[in-house]
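The values are calculated or read from the model by the stated rules, or taken from the named source; none is laboratory data. All values reported here derive from a predicted model rather than from experimental measurement. Heads up, the Cβs are rebuilt from the backbone with ideal geometry, glycines too, and the neighbour counts pull from every protein chain shown. These accessible areas exclude ligands, DNA and RNA; they are computed on the full protein's heavy atoms, side chains included. Shrake-Rupley method; radii C 1.70, N 1.55, O 1.52, S 1.80 Å.
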Amino acid sequence: MSLASAGRLLRTVRHLRASQLGWRVRYAVRRRREQRDGPGLRRVLDRLAGNSRASDAPLPSVHWPIPGDARARLEELERGELTLAGATLPFPGDGDDPWRLRDAGRSHRLWTHQLHYHHWLLDLAGGHVAQPTGACGRVLAGHLADWLDRCPAGAPGFNVFAWNSYAIATRIGAWGQVLRLLPADYWQTHAGLRDRLIQSLAQQTAYLETHLEWDLRANHLLRDIVGLAWAGRLLQGPAVHRWRGVAHRLAREQLIEQVAPDGGHYERSPMYHVHAMQDVHSLALLVTDLDVRDRLVDAWRRMADWLAWMRHPDGTYPLLNDANEAGADAPADVLAGGADVGVDVPEPPGATDKRSPLSLSVAAAERTDKAADGFVSGTPSSPSGGRHFRDTGYIVWHGPMWSVFFDAASVGPDHQPGHAHADTLTLEASWRGQRLFIDPGTGSYDHDDVRRYDRSTGAHNTVTIDDEDSSEVWHIFRVGRRARPRDVRADFTADTAALRAGHDGYDHLRGRPAHERAITVQEPDHLTIHDQVTGSRDHRVAAGLLLHPEWHAVPRDGGWTLERGEARLVVELEADRPIAHEIQQRAWHPRFGCEIITPRLAWSYTGPLPLSVKVHVRQEAS
């Protein structure tokens, strides 16, 4: 290892909690031992699971995720393919390792993880419910039986993907929904399969209990709790009481740690905020402790308020940090789940209900009267005007013409910034309900050029200095040196927003250059982005604004003209030193595995500091 790499590693691990390092070492040793003695591991798991058996109690109507297009899923499986996370790969394939147990994550990591989540099996279950005489039920049973045959505890490579704790917790929920969706006559036809599923559920829950992700924490640990809570409703027996108790205790603790007082999830990714909301929602329906349930509903209500603000007028969330448009359910779908827990979440003015007809029908069919269960109604505030989420760091403006999302946040919790990008002081914006300035998104969770680009400062709508990242993002999920926001202010009137923040991400460079950004919104038509870079010595300073692909950019003196249908905006540059400007072509990753090339309005400067650059965006005069 080089000296530079060693320094970067030290800057990364020094932020971790000592317990995380201890658990990582413990689990590494344990997993090697498990691979050497599969039969012994299964005996231990059976002992820990005790005499767990299927519960006779009715299952709650937890409906995350919502089943998708059964016909399309069946057709691709019959072709020997499976599409997950934006990639279509052979499945089950011709080899002796159709579930990729021995792949060890060399490629398509996210696809392989999602293969073992079994969410895609819900499409087949929904298809069988709609057409009991079709092929969906048969294909579903075949894949479940094959997974049970090929992926038992102790199989070579089992604990890389198949028995990864997050995968187990997610799969338990998916199997729970399969068991709830399919009618009794299906399980009578496949009685042996149901018995095997129950036995495997008990083993997997016992494994999960002893492999909770204390090394990663964050959204992984929250999902682990959901897995335990699902097992607490699917199974009965002495061990089940223990699993319920662990779920209740950890739910209390993790709500305090992970849900900030302002309602945002502490990883500061709108996409993972949605995932966390869904997990809190599921827990509220699964737990049996009334005090814990009340705490979960209160946390969900605050998270719903945060999400209601963190939406563009078209209903989508900004793609800040690790986020893309297909990586989580639509905010409208998630907020509609408030009816399940007694929380009324109205649509903001001008927002579009993005729920699909299928999700609307499923939601309507599964709504039950929760008042008898003790849920209390409450209504988050309706987004209009400005809001500074001080704990998570985002500043939002929703006006008649402009919606602006300003990232004045830290990269994430110090002990787990894995989903962070080096995007401090970036922004997204919509104008007249149309997406305008966009984040590059997230196209990959592999160790590749796409991942490096998506996390880099130069891909975002903010300033780079000397082509350095403001935070030291590296590998897939690691961060060394972190930018810290400072001097954050937000002032609002009825028709203006004045936002300001700086950060220390470039303090380590010679001359200690510093970036400060001020954003001013003057309704109805004027947005100004003012970047100031202070310090000494010569530096290269660059910035840009990535355009939604439906906008077309045309050069003009001192800036650009933007066109989208009949809409026309003028972008003008004002600088105290000579700067160059151009239209670049850059990648946008709105979904995993999807790349769209779109214009980027870029300016750059090389020379002594300080530097002041203003970008004015206004509607073209008629």
Identify the residue in segment 502-523 that is in a strand (DSSP E or B) and closer than 13 Å to V404 by Cβ and, among all such residues, is farthest from the chain's Cα centre (by Cα). Q522
Tell me, yes or no, whether segment 529-541 has at least one residue that is at pLDDT below 95, open to solvent by 10 Å² or more (accessible area, probe 1.4 Å) and among the charged types (D, E, K, R). no
Looking at segment 328-345, which of its residues are under 26 Å from H460 (Cα atoms) and surrounded by 24 or more Cβ atoms within 10 Å (Cβ to Cβ)? P331
When segment 461-482 is examined, which residues are found to be buried (at least 19 other Cβ atoms within 10 Å of the Cβ) and either among the polar types (S, T, N, Q) or free of Cβ contacts under 8 Å to residues at least 40 places away in the same chain (or both)? N461, T462, T464, S470, S471
Please work out if V240 is among the β-branched types (V, I, T), at negative phi and in contact with an Asp or Glu (Cβ under 7 Å, 6 or more places away or on another chain). no
Determine, yes or no, whether V571 is touching a Ser or Thr at 6+ places or on another chain (Cβ under 9 Å) and over 18 Å from Y394 (Cα atoms). yes
Some residue of segment 571-585 being in contact with a Gly (Cβ under 8 Å, 6 or more places away or on another chain), modelled with pLDDT under 95 and not in a strand (DSSP E or B): no
Tally time: how many residues in segment 419-454 are crowded, with 19+ Cβ neighbours inside 10 Å and assigned to a loop (DSSP other than H, G, I, E, B)? 15
Taking segment 274-326, which residues are charged (D, E, K, R), more than 15 Å from the chain's Cα centre (by Cα) and either closer than 22 Å to G386 by Cα or surrounded by 24 or more Cβ atoms within 10 Å (Cβ to Cβ) (or both)? R301, R302, D305, D314
As an exercise: evaluate G173 against (1) more than 21 Å from W64 (Cα to Cα); (2) assigned to a helix (DSSP H, G or I); (3) within 22 Å of the chain's Cα centre (by Cα) and give the number of the one condition it does not meet. (1)
Going through segment 199-216 one residue at a time, which ones are buried (at least 23 other Cβ atoms within 10 Å of the Cβ) and over 26 Å from D146 (Cα atoms)? none
Among (1) over 18 Å from W120 (Cβ atoms); (2) surrounded by fewer than 20 Cβ atoms within 10 Å (Cβ to Cβ); (3) touching a Pro at 6+ places or on another chain (Cβ under 8 Å), L181 falls short only on (1)
The one condition in (1) closer than 26 Å to G232 by Cα; (2) surrounded by 19 or more Cβ atoms within 10 Å (Cβ to Cβ) that R196 fails to fulfil: (2)
At positive phi and either open to solvent by 50 Å² or more (accessible area, probe 1.4 Å) or basic (K, R) (or both): does that describe R79? no
